[in-house]
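Everything on this sheet refers to the single structure shown next.
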There are 2 protein chains.
Amino acid sequence: MNVTGESHRLDTPFGFTVEHRDPGGAARCGRLVTGHGVIETPVFMPVGTVGSVKAVTFEQVAATGARIILGNTYHLYLRPGHELIARQGGLHRFQGWDGALLTDSAGFQVFSLNELNRITEEGVEFRSHLDGSRHFFSPELSMDVQLALGADIIMAFDQCAAYGADPREVAAAVDRTTRWLGRCKDLTGGRTFRDGWERVLFGIMQGGVDETLRRKSAAEIVDLDLPGYAIGGLSVGEPTSAMREMTDLAAGLLPEDRPRYLMGVGFPDDILASVAVGVDMFDCVLPTRMARTGTVLTRDGRLVIKNRDFAEDTRPIDDECGCPVCARHSRSYVRHLFQAREMLGSTLATIHNLHFYQELMSGIRDAIRQGRYPAYAATMSGRWLAGEEARLEQVRRGR
Amino acid sequence: MNVTGESHRLDTPFGFTVEHRDPGGAARCGRLVTGHGVIETPVFMPVGTVGSVKAVTFEQVAATGARIILGNTYHLYLRPGHELIARQGGLHRFQGWDGALLTDSAGFQVFSLNELNRITEEGVEFRSHLDGSRHFFSPELSMDVQLALGADIIMAFDQCAAYGADPREVAAAVDRTTRWLGRCKDLTGGRTFRDGWERVLFGIMQGGVDETLRRKSAAEIVDLDLPGYAIGGLSVGEPTSAMREMTDLAAGLLPEDRPRYLMGVGFPDDILASVAVGVDMFDCVLPTRMARTGTVLTRDGRLVIKNRDFAEDTRPIDDECGCPVCARHSRSYVRHLFQAREMLGSTLATIHNLHFYQELMSGIRDAIRQGRYPAYAATMSGRWLAGEEARLEQVRRGR
């Protein structure tokens, strides 16, 4: 069941090495070593929410060049359940993906998808978005669930304060996130071997858009000396300027020799700007979600492929693109599939968008290696302006 | 844009040769030569209704072993339109399928999907099932549309009387089908080259379940000496026994040296029984439609994969199956995808069912070559009992 075409060693210890730095800035190119393959950074991780990257097979995901994907602990815990997945040998085997896996902690979803959650020091009580049933998530349960899923990288259970929340609430979330991170580390030791595979724990920084709180959060989580760190609490509705400013600050507060993961970001421009300040890892539902609504990305910007303008357009979606969709199909054909409500339309648009993101990232890595990142970022930026509404829409619909 | 992995010669003339016969019966094994590849018969043609075999890519279709698929003239005429497809180089290129193509004549749909059709000697006036708009289809338009689509095999525009129709109506439909076939042949000469590709015309026999009318229809269409013949007007609601009896009669009335195509059939048992009386070609939406509702076929029968019974079933859908789904995924995983309403569930079930049909057909061909077809058909039959309701449901939903 090898979809990535690579064979993996069970005894590879997790590691991260920076191999190239942009002379003029903080951008860097590195290698993330996991038991399920080596990943070049900066990397974009497609989102496989609930056991599937929506609308495509894992062979198709691997064919885009992706070697690490994200799974959502919250969704998998509710359906089909982590115990069922564990009984079947873990998430890699259950879904048939032999590349690397990262699972989030469910923290983001229990806060963002649940108005009615009740937070205590112990954890969070929330209602399932599927059937309204009551559940209780704690740092300990998040670790148990993620260890059962068996991802190579597991995320700490954090408290993400909403944008615009009371400053005292944001401060309290920082302190609780630190205490919860301690409990997550106590349970896992930060890195642990299970069934011959290593799983490592990443800590998550909070602090909203408050510089002082970001510094405090960073100092406290870095103190716990973890294999990697994530920047949380951004892309939750704040203005682009604030997100960029905080990302710049946050990345600089994290250790040089550990991977830096900006959670839930994002739009190509956000990725280009965040790489410039030293971010290594990204994930976002954008390429897959946009694809299912008929929006595809090209080097010249976004196309709403369903539009009448493309009815007779015999060009590929993007004539510089190396994906199988652009090799074989016209805009006219893909547009027809959406008009006729054929599932294949979503599949082809998803393959293209995922391939587009992988090409964007390899372009970024090449530019860093060749010491021309600032110029590359400058030419690439501004082609896919998101606009605040698009961002807020993304936040509203959850990640 | 080669999906079948074969390269085709533009100047291959259409041909059909019988290579093996079952010593004890009428079953036969042959080769259908088209400009887009050589097809071994008996063959099952997956249905690519409106520019896509639902829920799968054409690479995935080719990987099941399929080398000829069917396209629906009625659906493609309405959306995106045959002129648009012609401007893009024809249906092969438009959808990115380089295997062989057969298009039906729209006759079946204008009768079955339209209660409000008006039939004259000239043709049929009907309303679009999409927007109720009025359209008029004639033998001439059907030929024009099919020649524009550019399939390797095009079907005559026939009149299909409903099961239980007044005997005089069935008799009139036979006469009109013969006259319309004459007009189709006048327009195409029976076989014609366009843009370097050959398209051949198949005639269609009607006559409902009336032996005398079947003999009359057969005599009249065979008299026109066409490259191939289809048995129409069956699998339209008649009892299984009547369908089997008429198929046996009809196949025997068609020339030994021409391919015999039983339209819209069907269930594995119908295929096994029809091969035994000398049918060479089949098409049906069954494997793809069943897949999208979570029903998969195995050597032990049908499984409704969504059922609770499969929640923890770690076995593949069919442990004798060679498809990539059975190689990589468990019943439990596929069931989960349907539970979570992930599109991938439909995709994986479709890949499996199409692969299952291709394996069924290659098993049939091997058995004929080895002179053991009756025994093979006997052991395989009765595993996937359809039941009249299933048949009627299929008829009600259209093909």
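Running Debye on the range B:164-296 with equal point scatterers at the Cα sites and no solvent, what base-10 log of I(q)/I(0) appears at q = 0.12, 0.14, 0.20 Å⁻¹?
Taken in order of the listed q values, log10 I(q)/I(0) reads -0.50, -0.66, -1.15.
Can you tell me the order of B:298-304, B:210-216 when each peptide is scored by its average per-residue count of other Cβ atoms within 10 angstrom, highest first? Kindly include the intermediate steps, with their values, before the conclusion.
On the way: B:298-304: 15.3, B:210-216: 17.1.
Per-residue Cβ counts within 10 Å, averaged per peptide and sorted highest first, yield B:210-216, B:298-304.
Compute the label-point distances linking A:PRO239 to its equivalents in the other copies; points lie 7 Å from Cα along Cα→Cβ; give nm, one decimal, shortest first.
Ordered by distance, the counterparts are at 7.9 nm.
Evaluate the range A:236-324: find the radius of gyration of its Cα atoms, find its Kirkwood radius, and give the ratio Rg to Rh.
Numbers: Rg = 16.5 Å, Rh = 15.2 Å.
We get a ratio of 1.08 for the range A:236-324.
I need the semi-axes of the equivalent ellipsoid of the range B:38-113: take the C-alpha gyration tensor, multiply each eigenvalue by 5, square-root it, list largest first in whole angstrom. Present the calculation step by step, with values, prior to reporting the outcome.
Numbers: eigenvalues 83, 49, 24 Å².
Over the Cα atoms of the range B:38-113, the ellipsoid semi-axes are 20, 16, 11 Å.
Quick one: how many lysine pairs does the protein assembly as shown have with C-alpha atoms less than 25 Å apart and a gap of 8 or more or different chains? Give me the count, please.
On the way: A:LYS54/A:LYS306; A:LYS54/B:LYS54; A:LYS54/B:LYS306; A:LYS185/A:LYS216; A:LYS306/B:LYS54; B:LYS54/B:LYS306; B:LYS185/B:LYS216.
Here the count comes out as 7.
Could you tell me whether the range B:125-237 comes out rounded, prolate or oblate from its Cα gyration tensor? Rule is a ≥ b ≥ c as square roots of the eigenvalues, rounded for a/c under 1.5, then prolate if a/b exceeds b/c, otherwise oblate. Spell out each step's value before the answer.
Details: a/c = 2.21, a/b = 1.23, b/c = 1.80.
It is oblate, given that a/c is not under 1.5 and a/b is not larger than b/c.
Given the C-alpha atoms of the range B:266-315, compute the convex hull and give its volume per residue in Å³.
Values: hull volume 4.1 nm³, N = 50.
Here the figure is 83 Å³ per residue.
Given 25 °C and 0.890 mPa s, how large is the Stokes-Einstein diffusion coefficient of the range A:30-76 in µm²/s, with Rh as the Kirkwood radius over Cα pairs? The partial results should precede the final answer.
Details: Rh = 11.5 Å.
In µm²/s, the coefficient is 214.
What does the charge count near A:GLU245 come to, summing +1 for each Lys or Arg and -1 for each Asp or Glu among other residues with Cβ under 13 Å from its Cβ? Before the final figure, lay out the partial values.
Numbers: positive: A:ARG214, A:ARG244; negative: A:ASP210, A:GLU211, A:GLU238, A:ASP248, A:ASP270.
In short, -3.
For the range B:189-206, just list the computed ³J(HN,Hα) in residue order, Karplus coefficients 6.51, -1.76 and 1.60, θ = phi - 60°, integers in Hz, with x standing in for Gly and Pro.
Karplus values, whole Hz, x for Gly and Pro: x, x, 8, 8, 9, 9, 6, x, 10, 8, 10, 10, 9, 9, x, 10, 8, 10.
Binning at 10 angstrom from zero up to the longest distance, how are the C-alpha pair distances of the range A:240-292 distributed in percent?
The percentages, shortest bin first, are 25, 53, 19, 3.
Diagonalise the Cα gyration tensor of the range B:337-379 and give the resulting equivalent ellipsoid semi-axes, square root of 5 times each eigenvalue, largest first, whole Å.
Values: eigenvalues 221, 17, 3 Å².
Semi-axis lengths for the range B:337-379 are 33, 9, 4 Å.
Over all distinct alpha-carbon pairs, what is the Kirkwood Rh of the range A:43-187 in angstrom? Can you show the working numbers first?
Working: mean 1/r = 0.0631 Å⁻¹.
About 15.9 Å for the range A:43-187.
How big is the C-alpha Rg of the range A:258-398 next to the rule-of-thumb value 2.2 N^0.38 Å, as a ratio? Can you show the working numbers first?
Details: Rg = 15.5 Å, N = 141, 2.2 N^0.38 = 14.4 Å.
Dividing the Cα radius of gyration by 2.2 N^0.38 Å gives 1.08.
Sum -39500 (n - 2.57) across every DSSP H segment of at least 4 residues in chain A, then divide by the residue count to get the 222 nm mean residue ellipticity, nearest 500.
Working: 16 runs with 164 residues, N = 399.
After summing the helix terms and dividing by residue count, I get -12000 deg cm²/dmol.
Give the cysteines in chain A for which no other Cys Cβ lies under 4.7 Å away, or write none if there are none.
Cys with no partner Cβ under 4.7 Å: A:CYS29, A:CYS160, A:CYS184, A:CYS284, A:CYS323.
Give the Rg (one decimal place) followed by the Dmax (whole number) of the protein assembly as shown, computed from C-alpha coordinates and expressed in Å.
Values for the protein assembly as shown (Cα only, Rg and Dmax): 29.9, 93 Å.
Fewest first, what order do B:ASP313, A:ASP319 take by the number of other Cβ atoms within 10 Å?
Numbers: B:ASP313 18, A:ASP319 10.
The fewest-first ordering by Cβ neighbours comes to A:ASP319, B:ASP313.
Tell me, A:SER217, A:SER128, B:SER138 in order of fewest to most beta-carbon neighbours within 10 Å?
Numbers: A:SER217 31, A:SER128 15, B:SER138 18.
Least crowded to most crowded, the residues run A:SER128, B:SER138, A:SER217.
With an 8 Å cut-off on Cα pairs and a minimum separation of 6 or more residues, tell me the relative contact order of chain A in percent. Before the final figure, lay out each step's value.
Values: 795 pairs, mean separation 69.3, N = 399.
It rounds to 17 percent for chain A.
Which whole-number percent gives the relative contact order of the range B:233-285, counting Cα pairs below 8 Å spaced six or more residues apart? Could you put the intermediate results ahead of the total?
On the way: 54 pairs, mean separation 20.7, N = 53.
Relative contact order for the range B:233-285 comes out at 39 percent.
Can you list the residues, at least 5 places off or on another chain, whose amide H is less than 5 Å from the amide H of B:MET45, using H built in the peptide plane?
Residues meeting the criterion, in which the H sits 1.01 Å from N, are B:PHE282, B:ASP283, B:CYS284.
When the Cα centres of the range B:198-276 and the range B:289-323 are compared, how far apart do they sit, in Å?
Cα centres, the range B:198-276 to the range B:289-323: 32 Å.
Can you list, shortest first and in nm, the gaps between the label point of B:ARG179 and those of its counterparts in the other copies, using a point 7 Å from Cα in the C-beta direction?
Computed spacing set for this position: 9.0 nm.
Label-to-label distances across copies for B:VAL304, with labels 7 Å out along Cα→Cβ, in nm, shortest first?
Here the equivalent label points are 4.1 nm apart from this one.
Search the structure for amide H atoms under 5 Å from the amide H of A:ILE231, placed 1.01 Å from N in the peptide plane, and list their residues when 5 or more places away or on another chain.
Amide H neighbours of A:ILE231, under 5 Å, 5+ apart: A:MET205, A:TYR261, A:LEU262, A:MET263.
Counting only Cβ atoms, what residue of chain B lies nearest to the axis that sends chain B onto chain A, and how many whole Å off?
B:MET343, 3
How charged is the neighbourhood of A:ASP318? Take every other residue with its Cβ under 15 Å from the Cβ of A:ASP318, and add Lys/Arg as +1 and Asp/Glu as -1.
My count for the surroundings of A:ASP318 gives +2.
So what's chain A giving for Rg/Rh, alpha carbon basis, Kirkwood Rh from the mean inverse pair distance?
Result: Rg/Rh = 0.95.
Given the protein assembly as shown, what percent of its DSSP beta bridges are antiparallel, to the nearest 5?
Working: 50 of 96 bridges.
The antiparallel fraction comes to roughly 50 percent.
Please name which of A:ILE153, B:GLY322, B:THR293 has its Cα lying farthest along the dipole of the protein assembly as shown towards the positive end, using unit charges on Cβ (Lys, Arg +1; Asp, Glu -1) and the Cα centre as origin.
Of the options given, the answer is B:THR293.
On full extension of the chain, what length is gained from A:SER128 through A:LEU84, given 0.36 nm per residue of separation minus the C-alpha to C-alpha distance? Spell out each step's value before the answer.
Numbers: separation 44, 0.36 × 44 = 15.84 nm, distance 1.82 nm.
Using 0.36 nm per residue and subtracting the Cα-Cα distance, I get 14.0 nm.
Percent antiparallel among DSSP beta bridges with both residues in the range B:126-222, to the nearest 5? Could you put the intermediate results ahead of the total?
Values: 6 of 9 bridges.
In the range B:126-222, DSSP labels about 65 percent of beta bridges as antiparallel.
Around A:VAL3, what is the net charge, scoring Lys/Arg as +1 and Asp/Glu as -1 over all other residues with Cβ under 15 Å from its Cβ?
Values: positive: A:ARG67, A:ARG93, B:ARG328; negative: A:GLU6, A:GLU59, A:ASP98, B:GLU59.
Surrounding charge for A:VAL3 is -1.
Only counting other Cβ atoms within 10 Å, I'd like A:VAL33, A:VAL200 sorted with the fewest neighbours first. Let's see the in-between values first.
Values: A:VAL33 16, A:VAL200 24.
Listing A:VAL33, A:VAL200 from fewest to most nearby Cβ atoms yields A:VAL33, A:VAL200.
Every number here is computed from the coordinates shown, using simple stated rules; none is lab data. Every value quoted in this text rests on a predicted model; they were computed, and no experiment measured them. Positions of Cβ are generated from backbone atoms using ideal geometry, with glycine treated the same way; all protein chains shown enter the neighbour counts.
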